[in-house]
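*Asks:* So that we are looking at the same thing, I have put the structure below in structure tokens.
Read-outs: derived from the displayed coordinates by stated rules, not from any lab. Model, not experiment: these values are computed from the prediction. Cβ atoms come from the backbone with ideal geometry, glycine included; neighbour counts cover every protein chain shown.
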Amino acid sequence: VDWIALVLNLVSAVLLGFALRGLVWMSFAGTAMLAAYLKAFHAQEKISNLALKNRKFLPMSTAWASQGLMAMMANRQQWKEMIVMGTNEWEAAKKKDQNLAPLCSYLGMAHQVQNDPHTAILWNERAIELFEKGMSAMSKVDAKSKVPNREFVDSLFMQYASAYANLASNYFAVNNFGKAKKNFGLALEQLERVKDNPQK
């Protein structure tokens, strides 16, 4: 038996398997992103649902799929459906997945609209915790920094700021004005790191 050839063939087979899984993930995520860009929302919804049903076959996070679906639900004001789906996704996914920060923000918003500030506080605090972990590498980035994908980075900072602002709103709703003021201030700090744009 040519052991060297056998080992090399096994290694090649494993690497090929990882490469194929990566291509499958890209076929889902890339197609969904293209559908969103083209505003083909029905196609995006079908692809995202299919990705979530087959998450165990995908090598990386499927947070992009749940977030896209929740954004569509928010536009349709399907708050109860958002809560059910988002909570199920949180339970099904790895809870330490830093990519789940926007999902937690959406859940906070849905509970806030449903007049449940205490639960909204819980989800917004989870969102902030995950944003902090995921964006720790960008701690020195400010509005003047030159970074790749500046629009994407600014989008993350604005989501981060939004989580703080929503948390502050909910603390205000339960008459905890000290924490409300503190979190509104933290929201403004994050916004100062974003380049000037109309949305800011």
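*Asks:* Tell me the residue from Ala173, Ala127, Ala137 that is farther than 23 Å from Gln199 by Cβ and touching a Pro at 6+ places or on another chain (Cβ under 9 Å), please.
*Replies:* Ala173
Listed here are the residues, each with its yes/no results for (1) surrounded by fewer than 20 Cβ atoms within 10 Å (Cβ to Cβ); (2) touching a His at 6+ places or on another chain (Cβ under 7 Å).
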position: Gln112; (1), (2): no, no
position: His118; (1), (2): yes, no
position: Trp123; (1), (2): no, yes
position: Leu130; (1), (2): no, no
position: Ser139; (1), (2): yes, no
position: Val147; (1), (2): yes, no
position: Val153; (1), (2): yes, no
position: Gly185; (1), (2): yes, no
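*Asks:* Do you know which residues across segment 102-151 are over 20 Å from Gln67 (Cα atoms) and either part of a helix (DSSP H, G or I) or under 15 Å from the mean Cα position of the chain (by Cα) (or both)?
*Replies:* Pro117, His118, Ser136, Ala137, Met138, Arg150
*Asks:* Could you tell me whether any residue of segment 164-176 is in contact with a helix residue (DSSP H, G or I) (Cβ under 9 Å, 6 or more places away or on another chain) and either loosely packed, with under 13 Cβ neighbours inside 10 Å or within 26 Å of Asn49 (Cβ to Cβ) (or both)?
*Replies:* Scanning segment 164-176 turns up no residue that is in contact with a helix residue (DSSP H, G or I) (Cβ under 9 Å, 6 or more places away or on another chain) and either loosely packed, with under 13 Cβ neighbours inside 10 Å or within 26 Å of Asn49 (Cβ to Cβ) (or both).
*Asks:* Got a number for residues in segment 164-200 being assigned to a loop (DSSP other than H, G, I, E, B) and touching a residue at least 12 places away in the same chain (Cβ under 8 Å)?
*Replies:* The total comes to 9.
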